[in-house]
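First up is the structure itself, then whatever we jot down about it.
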Amino acid sequence: METHQPPSGSESPCQSCGACCAYSRSWPRFSTEDDAALDLIPAKFVNEKQSGMRCDGDRCSALTGQVGVETSCKIYAVRPEVCRTCMPGDAECGMARRKWGLLPLEDAGS
């Protein structure tokens, strides 16, 4: 089961960013998910320790597209809790955007 993007009509600044999904290989970790939730994530996206998402360098293997241009998540509907709690414009978002040389969201539209 691979699902992309949030439902249409919910345009998100995340769809033109993706920086949080390419910030660090240790960030997309599993923490509060129960076994049933983890079983929904396709095995090809889970790291060898079963502790988080598999990454290619610092980039989550479920991320598609070009960071800062257009991105999507191959497993959006079943993404880990850490991905669900990262919100556009929060501290983690700002930190990831800085790493990629992107303006903070509040400044990006200026």
* To do: May I ask you to derive the FRET efficiency for K49 and M95 from their Cβ-Cβ distance with R0 = 25 Å, giving the value to the nearest 0.05?
  => 0.55
* To do: For D39, D58, write out the residues from largest to smallest accessible area, computed with a 1.4 angstrom probe and no ligands counted.
  => D39, D58
* So how far apart, in nm, are the two label points at Q66 and E81 if each is 7 Å from Cα heading toward Cβ? -> 3.7 nm
* With a 1.4 Å probe and all protein chains in place, put M53, M95 in order of accessible area, largest first. => M95, M53
* **Spin-label model distance (nm) - D56 vs A37, 7 Å beyond Cα toward Cβ** => 2.7 nm
* How big is the accessible area of F30 in square angstrom, nearest 10, if you roll a 1.4 angstrom probe over the protein chains? -> 40 Å²
* Taking the Cα centre of the range 63-110 as origin, work out the dipole magnitude from +1 charges on Lys and Arg Cβ and -1 charges on Asp and Glu Cβ, in debye rounded to 20. => 200 debye
* Express the C-alpha Rg of the range 35-110 as a ratio against the empirical globular expectation 2.2 N^0.38 Å, rounded to two decimals. => 1.21
* With DNA, RNA and ligands ignored, accessible area of K99 (1.4 Å probe; Å², nearest 10) -> 100 Å²
* Electrostatic dipole magnitude of the range 29-110 [Cβ: Lys, Arg +1; Asp, Glu -1; Cα centre; debye, to 20] -> 280 debye
* How much accessible area does T32 have with a 1.4 Å probe, in Å² rounded to the nearest 10? -> 100 Å²
* Determine which lysines satisfy two conditions relative to K74: a Cα distance under 16 Å, and not lying fewer than 8 residues away in the same chain. => K44
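The values are calculated or read from the model by the stated rules, or taken from the named source; none is laboratory data. If you're wondering where the values come from, they're calculated on a predicted model, not measured in any experiment. Counting neighbours? That spans all protein chains shown, and the Cβs are built from the backbone with ideal geometry, glycine included. Calculation scope for accessible area: heavy atoms of the full protein, side chains included, ligands and nucleic acids excluded. Shrake-Rupley method; radii C 1.70, N 1.55, O 1.52, S 1.80 Å.
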